[in-house]
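Undergrad: This structure is in structure tokens; I'll ask about it shortly.
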Amino acid sequence: MARRVAWQVTEEEAGIRLDAALSGRAEWLSRSRTQNAIRQGSVKVDGDIELRPSTTLSAESEVEAFLPEPIEADSLPVPADVPVSIVYSDDQIAVIDKPRGVSVHPGPGHTDNTLVNGLLRLFPQIKDVGDPARPGVVHRLDLDTSGLLVFALTPEAYASLGQAMRRREIRRTYTALVHGSVQPPEGTVDAPIGRDPSNRTRQAVVETGRPARTHYRTVESLQSATLLEVELETGRMHQIRVHMAAIGFPVLGDATYGRAPSVTSLDRQFLHASKLQFSHPESGEPFEAESPLPADLQAVLDNMRGN
């Protein structure tokens, strides 16, 4: 939930920084959380989104902000000895290879032992980066989806990567094994996704949903399945799983949107975030990371090729 704060800049506030004025109006937020809200595009000045905390305000300007509610200190994630597979890190970012069965951040049913808990131990500075309930998180993966994630280690990296996500400049490529012989062999699924009106715990293609686009390309055709390379243009909850099921080719092992696994050794959906590409938030240089299929998915694929 967000709390709306709106006012007209007074003569006393004229000439001071936007983040300072906003902190004075939203006393329940720390200065860093106020700055994060600005960088995320949650604040408008005279009707235009303002992304710079250092912007100097003018008298009689209209400010409108949608700010996070206060968080109880005892509900914030804490450092924990959670194994974290670091693919790359520097003073701005950390790229992590997430195993299946591990949540990215605390939530209902998963209050600790998440990647965020492990990262807080390794990079304690992220507690002040982004949303305190999920510090450093730029994007997420489902519980049983494995693969690559980038975390921001500084507010500046968080703002830069957040803008890149909104501009669809972070390329996220997945490897998926789906039921059936996919036709056409490559294409784009362009269908809005929202809550399933008949089951609120699921997502579905619905007219009132948010825009969602998924690109896919056949890598290999098997006897009863197709290995795909899938790229997200948008990032809706369960997007790949929902879209592939909607066109008749559900992800293998996806009991929520597909069918029971046809391979007894597969106990999760065959979906792996295999490649991540973006511009480094500090240097601007192209960055790319790749992750091979984990052993459980590779074994299933080898078995299907053998059969």
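Undergrad: Return only the number of the condition from (1) exposed (fewer than 15 other Cβ atoms within 10 Å of the Cβ); (2) within 22 Å of H139 (Cβ to Cβ); (3) not β-branched (V, I, T) that Q40 does not satisfy.
TA: (1)
Undergrad: Going by what's in this entry, would A245 be described as under 21 Å from E186 (Cβ atoms) and touching a Leu at 6+ places or on another chain (Cβ under 9 Å)?
TA: On the way: under 21 Å from E186 (Cβ atoms): yes; touching a Leu at 6+ places or on another chain (Cβ under 9 Å): no.
No: the conditions fail for A245.
Undergrad: Further question: (1) touching a His at 6+ places or on another chain (Cβ under 7 Å); (2) polar (S, T, N, Q); (3) closer than 12 Å to A176 by Cα: which one isn't true of T218, the others all being true?
TA: Answer for T218: the failing condition is (1).
Undergrad: If you go through segment 266-274 one residue at a time, do you hit one that is more than 21 Å from V102 (Cα to Cα) and not assigned by TED's automatic domain parsing to the domain that holds Q92?
TA: Looking through segment 266-274, none of the residues is more than 21 Å from V102 (Cα to Cα) and not assigned by TED's automatic domain parsing to the domain that holds Q92.
Undergrad: Name the residue that is farthest from T145 (Cα to Cα), counting only residues in segment 157-198 that are hydroxyl-bearing (S, T, Y) and not assigned by TED's automatic domain parsing to the domain that holds L252. Please lay out each step first, then the result.
TA: Initially, segment 157-198 is screened for residues hydroxyl-bearing (S, T, Y), giving 158, 160, 173-175, 181, 188, 198.
Subsequent filtering for residues that are not assigned by TED's automatic domain parsing to the domain that holds L252 retains 158, 160.
Values: Y158: 23, S160: 25 Å.
Checked segment 157-198; the qualifying residue farthest from T145 (Cα to Cα) is S160.
Undergrad: Is there a residue in segment 276-283 that is outside the structural domain of T154 (by TED's automatic domain parsing) and free of Cβ contacts under 8 Å to residues at least 24 places away in the same chain? Walk me through how you get there before you give the answer.
TA: Of segment 276-283, the ones outside the structural domain of T154 (by TED's automatic domain parsing) are 276-283.
Filter once more, keeping what is free of Cβ contacts under 8 Å to residues at least 24 places away in the same chain: 283.
The answer is yes; a qualifying residue exists.
Undergrad: Using the structure shown, decide if T201 is in contact with a Gly (Cβ under 6 Å, 6 or more places away or on another chain) and surrounded by fewer than 17 Cβ atoms within 10 Å (Cβ to Cβ).
TA: Working: in contact with a Gly (Cβ under 6 Å, 6 or more places away or on another chain): no; surrounded by fewer than 17 Cβ atoms within 10 Å (Cβ to Cβ): yes.
Answer is no for this residue.
Undergrad: Which of (1) surrounded by 19 or more Cβ atoms within 10 Å (Cβ to Cβ); (2) farther than 19 Å from Q40 by Cα does I126 not meet, given it meets every other one?
TA: (2)
Undergrad: Something else: Kindly provide the set of residues from segment 129-157 that are among the aliphatic types (A, V, I, L, M) and either in contact with a helix residue (DSSP H, G or I) (Cβ under 8 Å, 6 or more places away or on another chain) or crowded, with 19+ Cβ neighbours inside 10 Å (or both), ordered by number.
TA: Listed by number, the residues that qualify are V129, A133, V137, V138, L141, L148, L149, V150, A152, L153, A157.
Undergrad: How many residues are free of Cβ contacts under 8 Å to residues at least 40 places away in the same chain and of a type in the set (G, A, S) when one looks only at segment 46-94?
TA: 4
Undergrad: Within segment 27-134, considering only strands (runs of 3 or more DSSP E) that don't extend past its boundaries, which have at least 2 residues that are more than 19 Å from the chain's Cα centre (by Cα)? Don't jump to the end; show me each part of the working.
TA: Working: elements: 43-45, 62-68, 86-89, 93-98.
The qualifying strands (runs of 3 or more DSSP E) are 43-45, 62-68.
Undergrad: Out of all the residues in segment 232-246, which are in a loop (DSSP other than H, G, I, E, B) and under 12 Å from G258 (Cβ atoms)? Spell out how you get there, then give the answer.
TA: Filtering segment 232-246 down to residues in a loop (DSSP other than H, G, I, E, B) leaves 233-238.
Selection gives H238 alone.
Undergrad: Let me ask something else. Can you tell me which residue is farthest from T55 (Cα to Cα) among those in segment 3-23 that are out of contact with any helix residue (DSSP H, G or I) (no Cβ under 6 Å at 6 or more places or on another chain) and either charged (D, E, K, R) or assigned to a helix (DSSP H, G or I) (or both)?
TA: Restricting attention to segment 3-23, the residues satisfying the condition of being out of contact with any helix residue (DSSP H, G or I) (no Cβ under 6 Å at 6 or more places or on another chain) are 3-4, 6-12, 14-18, 20-21.
From what is left, the residues that are either charged (D, E, K, R) or assigned to a helix (DSSP H, G or I) (or both) are 3-4, 11-12, 17-18, 20-21.
Numbers: R3: 22, R4: 20, E11: 16, E12: 16, R17: 5, L18: 5, A20: 10, A21: 10 Å.
Applying the filter and picking the extreme gives R3.
Undergrad: Can you find a residue in segment 24-37 that is over 21 Å from Y158 (Cα atoms), out of contact with any helix residue (DSSP H, G or I) (no Cβ under 8 Å at 6 or more places or on another chain) and in contact (Cβ under 8 Å) with a residue 12 or more places away in the chain? Walk me through it before giving the result.
TA: Just the residues of segment 24-37 that are over 21 Å from Y158 (Cα atoms), to begin with: 24-28.
Next, from what is left, pick out any that are out of contact with any helix residue (DSSP H, G or I) (no Cβ under 8 Å at 6 or more places or on another chain): 24-25, 27-28.
Of the ones still in play, those that are also in contact (Cβ under 8 Å) with a residue 12 or more places away in the chain are 25, 28.
Yes, the conditions are met somewhere in segment 24-37.
Undergrad: Something else: Test each condition in (1) out of contact with any strand residue (DSSP E or B) (no Cβ under 7 Å at 6 or more places or on another chain); (2) surrounded by fewer than 17 Cβ atoms within 10 Å (Cβ to Cβ); (3) under 30 Å from E233 (Cβ atoms) for E169 and report the one that comes out false.
TA: Result: E169 fails condition (1) only.
Undergrad: Only residues that are in a strand (DSSP E or B) and surrounded by fewer than 22 Cβ atoms within 10 Å (Cβ to Cβ): list them for segment 206-225, please. Give the steps one after another, and end with the answer.
TA: Here is the first cut: in segment 206-225, the residues in a strand (DSSP E or B) are 210, 213-221, 225.
Within segment 206-225, R210, R213, H215, R217, T218, V219, E220, S221 qualify.
Undergrad: Against the condition surrounded by fewer than 18 Cβ atoms within 10 Å (Cβ to Cβ) and either in the same structural domain as D296 (by TED's automatic domain parsing) or within 12 Å of L149 (Cβ to Cβ) (or both), how does V87 come out, does it pass?
TA: Numbers: surrounded by fewer than 18 Cβ atoms within 10 Å (Cβ to Cβ): yes; either in the same structural domain as D296 (by TED's automatic domain parsing) or within 12 Å of L149 (Cβ to Cβ) (or both): yes.
Here the answer is yes, as V87 does meet what is asked.
Undergrad: Still on this structure, please answer the following. Give the residue that is nearest to V178 (Cα to Cα), with candidates limited to residues of segment 247-280 that are touching a helix residue (DSSP H, G or I) at 6+ places or on another chain (Cβ under 9 Å) and in a strand (DSSP E or B).
TA: V251
The values are calculated or read from the model by the stated rules, or taken from the named source; none is laboratory data. Here the structure is a predicted model, which means the values were calculated and not measured. Neighbour counts run over all protein chains shown; Cβ positions are idealised from the backbone, glycine included.
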